[in-house]
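Heads up: the structure comes next, in structure tokens.
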Amino acid sequence: MAHIQLKNISKKFGHHTALSGLDLEIQDGEFFVLLGETGAGKTTTLRLIAGLEKPTEGKIYIDGADVGDWGAAERDVALVLQQYSLYPRYTVRENLEFPLKSKIRLVPDAEIKERVARVAKTLRIEHLLERKTDRLSGGEMQRVSIGRAIVRKPRVFLMDEPLSALDAKLREALRTELKNLQMNLGATFLFVTHDQIEAMSMGDKIGVLNHGHLVQVGTPNEIYNNPLNTFVARAVGSPPMNLVDGSLVAGRAVVAPKTFELPYEGALPVGASADGRPLTFGIRPEDIVLESDAPVSATVHDVENHGVEKIVTLRVGDTMLHATAPARAELAMEQTVRFGWNPKKVSLFDRGTGRSLRHGA
Ligand SMILES: Nc1ncnc2c1ncn2[C@@H]1O[C@H](COP(=O)(O)OP(=O)(O)OP(=O)(O)O)[C@@H](O)[C@H]1O
Ligand SMILES: [Mg+2]
């Protein structure tokens, strides 16, 4: 168990800046998810914490100790990678024993046996212990990789997209298992992913990384309901938040150019004036309501059936909006429908900076 702190971390590879001015704090026992697109700097952040890479600038603390001069082994962190790195000609048991058999650790045989048994039980791989790892399915291999990490009880788990090579069903199952595992172990996890569903469903906290900058840190709820800017608004939610340009006129949201107008009832921070200023309105698909007596007329541009619900694309002039509708709703392409929105759920972003007015300048 451990508390991790990154202070003003920058990392340059030649002229390329992979990370800049990164401040990050992970509490003891927290499941922290770093969410970012490819090249955002996620793996680099993990490698810095693991001690496989040195920062160009800044400091890393584990449990309050500056680990700048510590090697990877001394840091006592476990790194689980996207591609499982198992020894193929060895059995699952041998793979699990290996991290405990290093000369510097000197774990007694009886304890090795007991720890392997416990890990195998936790990950439900007991029946696979005597099998060679090249005879395992992808999901089983990934479980063994995770097992190899937990068997030696590290202070911190660093996981680099460990589920991304798996199929959807397995990914879902392992998501739940990993989360349960973390809660049972009470361990500190830094889990890196580009998958916003993983981030939303697993994280106690999410940090959104964009081109080496940490844009926002918050609980999944904060990130979803109160995104700091339009980048974060687009990064979470599927389909993402609708973003349409317009301005507030006498308390009404007028979507430009004169496409439609709807009421706005959100609070504004004290002193913020929004009237007439160029804005981007943000509204989640589930906060758009289709009703026969709703104020605005639209055309059904597309309907996607997702089983539990439908995702409807509405066309109003040149503007496209995603809305959700119940699975039983009868909607045909090019049909005319009427919609409104929940006026309390509209986010306002400055059109120039993209920053939410709720978060101030
Ligand atoms: N050893 C290196 N030498 C030069 N550039 C590097 C090196 N490692 C990473 N980079 C660059 O730093 C940036 C961040 O890379 P990083 O691997 O951290 O991204 P990532 O968020 O993990 O992306 P992905 O989702 O594709 O794994 C990228 O532009 C990458 O090309
Ligand atoms: Mg990576």
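What are the residues in the stretch 116-156 that are of a type in the set (Asp, Glu) and either touching a Pro at 6+ places or on another chain (Cβ under 8 Å) or assigned to a helix (DSSP H, G or I) (or both), if any?
Within the stretch 116-156, Glu126, Asp134, Glu140 qualify.
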Suppose we keep only residues that are crowded, with 17+ Cβ neighbours inside 10 Å and part of a loop (DSSP other than H, G, I, E, B) within the stretch 83-101. Which one would you say is modelled with the lowest pLDDT? Tyr84
Test for Leu34: is it open to solvent by less than 70 Å² (accessible area, probe 1.4 Å), at pLDDT 95 or above, within 16 Å of ligand 1 (Cβ to nearest atom) and within 27 Å of the chain's Cα centre (by Cα): yes
The condition from (1) out of contact with any helix residue (DSSP H, G or I) (no Cβ under 6 Å at 6 or more places or on another chain); (2) more than 16 Å from ligand 2 (Cβ to nearest atom) that Met159 misses is numbered (2)
Restricting to the stretch 102-141, and then to whatever is farther than 19 Å from Tyr87 by Cα and β-branched (Val, Ile, Thr), can you tell me which residue is most open to solvent (accessible area, probe 1.4 Å)? Ile104
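The values are calculated or read from the model by the stated rules, or taken from the named source; none is laboratory data. Quick caveat: nothing in here was measured; it's all calculated off a predicted structure. Please note: Cβ atoms are built from the backbone with ideal geometry, for glycine as well, and neighbour counts cover all protein chains shown. Keep in mind that these areas ignore ligands, DNA and RNA; they rest on the heavy atoms of the full protein, side chains included. Shrake-Rupley method; radii C 1.70, N 1.55, O 1.52, S 1.80 Å.
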